[in-house]
Every structure is written in structure tokens, then in C-alpha cells.
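The values are calculated or read from the model by the stated rules, or taken from the named source; none is laboratory data. Just so you know, these numbers come straight off a predicted model, no measurement behind them. Glycine gets a Cβ as well: all are built from the backbone with ideal geometry, and neighbour counts include every protein chain shown. For accessibility, only protein heavy atoms count, side chains too; no ligands or nucleic acids. Shrake-Rupley method; radii C 1.70, N 1.55, O 1.52, S 1.80 Å.
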Amino acid sequence: MQNVMIVGAGKGGTAILKIVKESEVLHVAAVIDRNIDAPGVMLARQEGILTGTDWRPFLTDQIDIIIEVTGDEQVFQLLRNEKDKQTVLIPGSVAFLVARLLEEKEELIRKHQYETYLHELILNATNDGMVVIDHEGYVILFNNRAEEMIGIKKGRVLGKYVTEVIPETRLPLILETRRIETNQEMVLANGLKIITTRIPIVEGNGKLIGAVAVFKDITEVVNLAEEITDLREIQTMLQAIIHSSDDAISVVDEKGKGILINPAYTRITGLSEEQVIGKPATADISEGESMHMKVLQTRRAVRGVPLRLGPKKREVIVNVAPIIVNGKLKGSVGVVHDVSEMKSLSKELESARQLIRKLEAKYTFEDIIGKSEEMLLAIEQAKLGAKTPATVLLRGESGTGKELFAHAIHNASDRKYSKFIRVNCAAISDSLLESELFGYEEGAFSGALRGGKKGLFEEANNGSIFLDEIGELSANTQAKLLRVLQEAEIIRVGGTKPITINVRIIAATNVNLEKGIAKGTFREDLYYRLNRMPIHIPPLRSRKEEIPALCERLIQKINRDYGRNVEGITEAALLQLMRYDWPGNVRELENILGRAMIFMNYYETQIDIHHLPELKNNKQSNEHSETNSPEYIAVGRSLSEMIEEYEAGIIEQTLSRFNGNKTLTAKTLGLSVRNLYYKLEKYKLENNGMQ
């Protein structure tokens, strides 16, 4: 049974709902209308059918047929674009026409039944055979035409149970199901073939009072249809239906000449009507055999045949069936499904799945917390570097977040959909690092894999590679890395043939490369290649104002990792963290917060001072002890005010210690001179007589 979604529940949609609801092969899955009080919506609710104001949530692959009855062209186009290719979309014009015709037919039948019941003499004059039974199955009307066609006199039928006189009838079943059976072919006991329609007779209050069968001699029906049907109107309607299909359709006559194609056919094959209509069925074939000609020869349908059509050799699957009228072959009709787009989407999906499995860049610039001037400057530089192919050198102490920056740079670049390979140069021995980075050829050394192995640079081709602890590279590996930066090519270990690669290098170090150059442990030419775009990531002690935001983010992360539900950190504990110099930077902060949360009771929701380990700076000052004491935390003062006051006191104290020397003060506090001047102006410390 096919699922139907009706979009539009006005008068036309209500009529369609009533018709489809009575069908044995169609199931109404949903009725959609922006007016929640539309008559069709109300009827659907009574019948237990899903309703809604937006069709999108209901448009799944379970929907086989969409009947659009809104009359809104925009709605039709949206449905046409959003629906699955296998889903049939019946436009409003066709739906309204079908509904109108069926409604008129049912109305005429009901009116005719009622008049038959009251005016038997009139019904006897009709050319249709008619049998009416009451609600118990006994014949109450049997007209003259029914006598002629069935061959039984009226007197032998009236008042009898219908199956006693007409064993082949289905009228008792109509009483049970209350379903209409229209245009059913049937062979009577005397061998006469008829077309019959069986309808239950139901009063307005829903009471079943009987059923009626109206039937015609099939020969008369065919002759009558040929006499009264306007063939041009049928052809126009047929063309409208065919042209509305998203699947390409082509029709040829019995000689194999093209007589009809739809716009979808032109779109897929690239062939216009002038190139197909009147031309042989082989005119559109690029590769393969014409299925139209095969069907015309065999008079048998073919399905799922792969072909290539049109000048672009579009790959398609075709289903072709013969057109047989009155036993005569009149032509064939073919439905063409474009599979090249489907294959392209499948390849993209598979590629995406591979990338998902291999992609390791997890963070973006939104994950980096930065409020201080130095941190904001580093973020802006990194964003600028992400938009260029230049090598980026991330410099900063251990634990400041260099790898986080590397992830963000990759994800903000045009390489974000390619691989991101991470390499810790200090974690791999010198003997293995070269083969891991550049790969090796078969037989390059004892234990080498058969066929050789790709290196990490090749794996990262068209993507990014993050070389952490770059200062730990051996001299030989440094020379090979310099070749990668200069020539954009590598040579595998044991190989001689250069391999061209396209890799974005992001390097990081926490050591002083300049000292390495002076000692001869780091190549000067490699340094200048790497140092093209240096980005300094400041230590945590120089941006303590970011500790509250960092704590909030880290607590959320640790909650996910450890399955905890800690809500935050108290002001007293936060001030304790602010007094510490953080030699391990953000990594140390995460470690301390994680340790505190592990030892917290499950009913505790706030990290307090007693949860934190003892934090002692190397040089701890006793000045401002009153400010640092817990008693100094005044009720009603905001956290930001207390933090700023504490920071101002530290700067003032350090300036005083160095007799107002701003350069030494900035260096001691781990600030840039420009950042120090900014804070002096912010806290109005310039007028304190310190020069």
C-alpha cells in the first residue's frame, strides 16, 4: 500500500482526502494545511490521520505520493525540489480536475440511485443494467436492461437473496466493507463481459440502507468512449502529466519514430524535441542498444537497463514497456532515470565518510578564549594566516594552547575538508621519525613493508600537517624538511624519485630557536623558512583576566569527560587561582580543575578553595596581604571589580619595585610594553609619579 501526503486541506483537499481514504491501495499518511481549522484537517483528525501546518517534517522516504492541492505555484516548486526522486508529485491542477470529475461522478451515481429507488419506470428506460439490494442483501430493484444482460426475468429475482440468483455478484461484500468498486471487469454466467461499478447506499446520518451495481456491456462502453471522448483534451492532459514528471519520458510509435518527450528528457540527455521527434529511436543512444526497438520487436517490457544517452553520454537506467491497444502494438514508452548524479552523490558521501573517520581537527577559533590584548593579537594573526598558504610558526610556553591554534587555523582555511595530520617530533625517535614523515620504499631497511609505505606528508597531501616540538628535529630531518618547504616535494627513504605534494605546514615550538641556531643545533635557513609567519601565544600568567572564562569552559569539558555535574567555581576559589603564576599555563589549570572535580562529592556543585591543591609561586610576596585575605572579599562587589583591583595592585607594586621602569616591569609581569601602557591608562596609574 502506497503512502499519500495531501498538501492543502481546503475544499479540493477535502474531496481528495475522502476519495483516497476509500481506496484499498492508498493510505493517507498526513494532511498538511497552514490553516489548522481547514475542513480537510478537521476531517483528518476525526479519522486519526496525522496533520500539520508544515509539510517538511512529514516529507520522508516513506511518502510515495504527494498531492498538492494548495493552488500555490511556489508550494508546488518547493515540493518538487525537496521530494525524493521516487516520490510522485501530483500538481494541484491535476488533483483538482480528478477530484472534480470523481465528485461529479459520485454525485450523479447517488442521485441516480435515489431516483431509481423512487422511479423504477424511469430506470427501466436506461441502457445500463442495474441491481439494487437492501441492507440485508435482498434484491429490491432489477431493471429491464439487467434482465437482458443477465438473462433472468425480474420476477425470479426480486425479493430473493442476491447470490441465489447472481452467484458471481460482489454486492454482499460491498455491504460489509462499505467501499466503492469502480469500473470492475466481470464475466457473467452466460459469458457476457461487462464493466460494473458497485456502490454502497448510505444515508446522510451514516446508516447503510443497501447497495447498487450498475453495469454495461464492455463493447458498448468502448464504443461509447470512442464516440464521446475528446481525444485532444485527453492528449493535452496526458502531456501535462508527463511534462510534470521529474523522470525523463520518451514515447515512440510502432515504427520506432519519436512522438513525445518531456522537459526532463531534454535536461538529462541534452537533446531537444527537434532532435528526437520524428527521428529513429536510436537517435539518442550514445552507448548501448535501443530498448525501444527491442520492445517493439519482442512486445515485452524491459527494466533496469543501463545506457548512455545524448551528446554528453549521460549514464542512465531505462524502463521501457510496449503500448498495446486492442491487441495491436501502437508503440512503446520509456522512463529514464539519471544515475550519474546519484553516483556522484554516493562518491561524495563515501568521501565525506572517509574524511569523518580521518579528520582530526576538532577545534575552531570559537573554542579559543581570549580577552587580553596579546591573546586577541595572536588570534587575529592566526585568522590571517589561515587564509594564506604560508607556513605558520606557533611559539609559546608548554601548555599555552599551540595545538588548539593549529586546529583552528586548519579549520578556518580552504583545506578544512582535507586531512589534518598531527606529529609530535619529540615523541618519535630520530631513527623512525624520518620514515614516518617521508615514507619509505620497499627494501629500504630491514623490516620495511612490502610495497613501501606512504609518509605522513603524503597522507596530508592537499591538507595540513602540524609539526609540534619542531626544535627537536635531527639535522638530517631538518634538511629534508627544508626541501619540502623550498621545493614542495619529498623523497621517500630508500628512494630517488621526488614526489610532489601540496601540504600546509603548521609548526610549533616552546624552545628558543634562536639559541639553537647559535649552538648549531637548528639550521638557520630552515628557521627563516619556518619563521615566515610567527605567532606568539602568551602565557597564562600574563592574561589572568581570562581565567574565569577559561574555568567555565574547562569545567564544561571536564563534566563531559568525567560524567560530573559541577556548575561553576566560587569567587574565593577563583581569586586563589588568580594569585598563582601558572608555570604550566592552561594545561596546568585544566589539571588542577580536573583533580578538584574528581575529589568533590557528587552533591557538591561549586569548586571551592578547599577543593584546590596548595598553589605556591616561586617568589611569593606578602605585600597586599590585606587585599589577598579572604576577609577582604566584600559582599556586593562583583568578581570583575575585585580582579581588576588585584591586577592594579600587582602592577603598582612591581612598578614601585623597579622605580617606575616600565620595560623591566613589563618583562617581569610577562606583558608587552604596549599592553602595560594600556593597563596603566586603564587603572589610572600614570599619574603616580612613576616614570
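Below are the figures for this structure:
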quantity	calculated
Count of residues meeting criterion [assigned to a strand (DSSP E or B) and either among the basic types (Lys, Arg) or open to solvent by 50 Å² or more (accessible area, probe 1.4 Å) (or both)] in segment 488-510	2
Matching residues in segment 518-536 - criterion: being surrounded by fewer than 16 Cβ atoms within 10 Å (Cβ to Cβ), free of Cβ contacts under 8 Å to residues at least 40 places away in the same chain and on the phi < 0 side of the Ramachandran plot	Ala518, Lys519, Glu524, Tyr528
Inter-residue pairs, beta-carbon under 9 Å, first among the aromatic types (Phe, Trp, Tyr) and in segment 498-514, second open to solvent by 10 Å² or more (accessible area, probe 1.4 Å) and part of a loop (DSSP other than H, G, I, E, B), 6+ apart	none
Residue in segment 537-553 that is most open to solvent (accessible area, probe 1.4 Å), counting only those that are more than 13 Å from Asp367 (Cα to Cα) and basic (Lys, Arg)	Arg541
Residues (modelled with pLDDT under 90, within 41 Å of the chain's Cα centre (by Cα) and open to solvent by 60 Å² or more (accessible area, probe 1.4 Å)) located in segment 599-624	Tyr602, Tyr603
Hey, Thr70 over 17 Å from Met1 (Cβ atoms), among the hydroxyl-bearing types (Ser, Thr, Tyr) and in a loop (DSSP other than H, G, I, E, B) or not	yes
Unique residue being touching a residue at least 12 places away in the same chain (Cβ under 8 Å), surrounded by 18 or more Cβ atoms within 10 Å (Cβ to Cβ), polar (S, T, N, Q) and closer than 25 Å to Leu554 by Cα when the list is Asn411, Asn424	Asn411
Residue that is farthest from Thr269 (Cα to Cα), among those in segment 286-337 that are assigned to a loop (DSSP other than H, G, I, E, B) and open to solvent by less than 70 Å² (accessible area, probe 1.4 Å)	Gly327
Yes/no for Ala426 being small (Gly, Ala, Ser) and not in a loop (DSSP other than H, G, I, E, B)	no
Residues (among the aliphatic types (A, V, I, L, M) and either open to solvent by 80 Å² or more (accessible area, probe 1.4 Å) or assigned to a helix (DSSP H, G or I) (or both)) located in segment 235-268	Met237, Leu238, Ala240, Ile241, Ile242, Ile259, Ala264, Ile268
Leading residue by the ranking (farthest from Ala426 (Cα to Cα)) among those in segment 362-395 that are open to solvent by less than 10 Å² (accessible area, probe 1.4 Å) and not in a helix (DSSP H, G or I)	Ser372
From Tyr632, Tyr677, residue being of a type in the set (Phe, Trp, Tyr) and at pLDDT 80 or above	Tyr677
Per-region count, segment 16-32, residues closer than 20 Å to Leu97 by Cβ and in a loop (DSSP other than H, G, I, E, B)	2
Which numbered condition Ser340 fails, given (1) buried (at least 16 other Cβ atoms within 10 Å of the Cβ); (2) modelled with pLDDT under 85	(1)
Selection count where residues are in contact (Cβ under 8 Å) with a residue 12 or more places away in the chain and more than 40 Å from the chain's Cα centre (by Cα), scope segment 471-492	15
Single condition Thr570 does not satisfy, out of (1) of a type outside the set (A, V, I, L, M); (2) within 18 Å of Ile368 (Cα to Cα); (3) open to solvent by 10 Å² or more (accessible area, probe 1.4 Å); (4) at pLDDT 90 or above	(2)
Subset tally (residues that are among the hydrophobic types (A, V, I, L, M, F, W, C) and not in a loop (DSSP other than H, G, I, E, B)) for segment 46-67	5
Selection within segment 269-285 - over 9 Å from Gly258 (Cα atoms), out of contact with any Leu (no Cβ under 9 Å at 6 or more places or on another chain) and surrounded by 16 or more Cβ atoms within 10 Å (Cβ to Cβ)	Gln275
Qualifying residue in segment 37-48 (condition: surrounded by 17 or more Cβ atoms within 10 Å (Cβ to Cβ) and under 19 Å from Leu101 (Cβ atoms))	yes
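This table checks each residue for (1) under 23 Å from Asn502 (Cα atoms); (2) under 34 Å from the mean Cα position of the chain (by Cα); (3) at pLDDT 85 or above; (4) in a helix (DSSP H, G or I).
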residue	(1), (2), (3), (4)
Glu434	yes, no, no, yes
Leu437	yes, no, yes, yes
Ala444	no, no, no, no
Gly447	no, no, no, no
Arg450	no, no, no, no
Ile465	yes, yes, yes, no
